[in-house]
Each structure stands twice: as C-alpha cells, then as structure tokens.
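Comments concern the structure below.
The values are calculated or read from the model by the stated rules, or taken from the named source; none is laboratory data. Being a predicted model, the structure only gives us computed values, none of them experimental. With ideal geometry, Cβ positions are generated from the backbone for all residues, glycine too; neighbour counts draw on all protein chains shown.
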Amino acid sequence: MASVASPVIFKEFCPLYYLLNAIPTKIQKGFRSIVVYLTALDTNGDYIAVGSSIGMLYLYCRHLNQMKKYNFEGRCESITFVKLLSCFDDLVAVGTASGRVAVFQLVSSLPGRNKQVNVFICLNLCEGICNSSLVLEEPSSIVQLDYNQKVLLVSTLQRTLLFYTEEKSVNQVGTQPRK
C-alpha cells in the first residue's frame, strides 16, 4: 500500500526588518560618511550572520533577538564570505576581499551550550570575551569557506587550500592557478 505524503506547509514571506534595522546603513569616519553594504550571509537554526563592506560581522541570535558585532582588529576591509560552524562550540569563519580568514569563537548565551568545552573556552566564558585569531592570509579574495573534520577549506579567486587546524598546516589543492 502506498503511503500518503504529508502536506507541504508554506509560510508567508516575512521581511527581516528587525534584522536590517539593527545594522546601520551609514557610518561616520572622520568627516565623511560611508555607506554600509551587506556583502555576505549565512544562517543556521540559532544565528543569522551578515558580513559587511566595512569589515564588520553582524551576528543575530534568533532565540534571544539580540544583535552582536564583531570586527577585525584595526582593519576595515570588506567581508566576502561568512560561514557559521556548529560543533561543541559555535564558530564563525569570515573571509575578506584581501584574502584574510578569521575564525571567531562565540560564547553562546543559549541554554545547554558551552557544556562540553575545554579550559580555553571556560576562561573566555568567565571573562565574558570573544577571542578572534588569524588562521590564514591569502593575496586574493575569498569566495568559499567550508569546515569538516578539523579541516578548513578556503577557496580564493586564485586557488583552493586545505588548512588543517590540528597541525596548523596548509596544503594547496592542485598545482595550477585558476584562470
């Protein structure tokens, strides 16, 4: 006997005004005003991550309805790719137009999070800070990031690399540069 498929439920489109209103459209730098463009986006069940043209990462927590901002220290370069990573702790990988990759470790305020973490993260929880670290720097723009089994895949306009997080080593995929 054939099983009956469950009906598909459609949701009406809902604009994300609450998210867009939390991100400034312009910033003041000295005497001039700079327009903020949204350049990258990634989502999961808990967060919405938005990269911007001013190098600021906006992270919206869906459960707490809170927006947090993260930036590169001393840099104002366009974010070209954002990837949310969920494992024992929440991470956000960010690629920039100049080829830099940074991984932000998030201290989650959601219940049930940060329970199985190591001492380094516990210190951050107690201090209430989020440390970022530069893991890779490339001369061309980042177009793709992916993370699986302690390996970070970084694709740029020129080449693709595998960054092994345990050994902190880099291997290039292929030998020829992209055209």
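Applying the condition of being outside any strand (DSSP E or B) and without any contact (Cβ under 8 Å) to a residue 12 or more places away in the chain to segment 17-43 and asking which residue is farthest from the chain's Cα centre (by Cα) yields 31. Taken together, the residues in segment 44-85 that are in a loop (DSSP other than H, G, I, E, B) and farther than 17 Å from residue 29 by Cβ amount to 7. Of the residues making up segment 133-151, none is closer than 21 Å to residue 82 by Cα, buried (at least 17 other Cβ atoms within 10 Å of the Cβ) and at pLDDT below 65.
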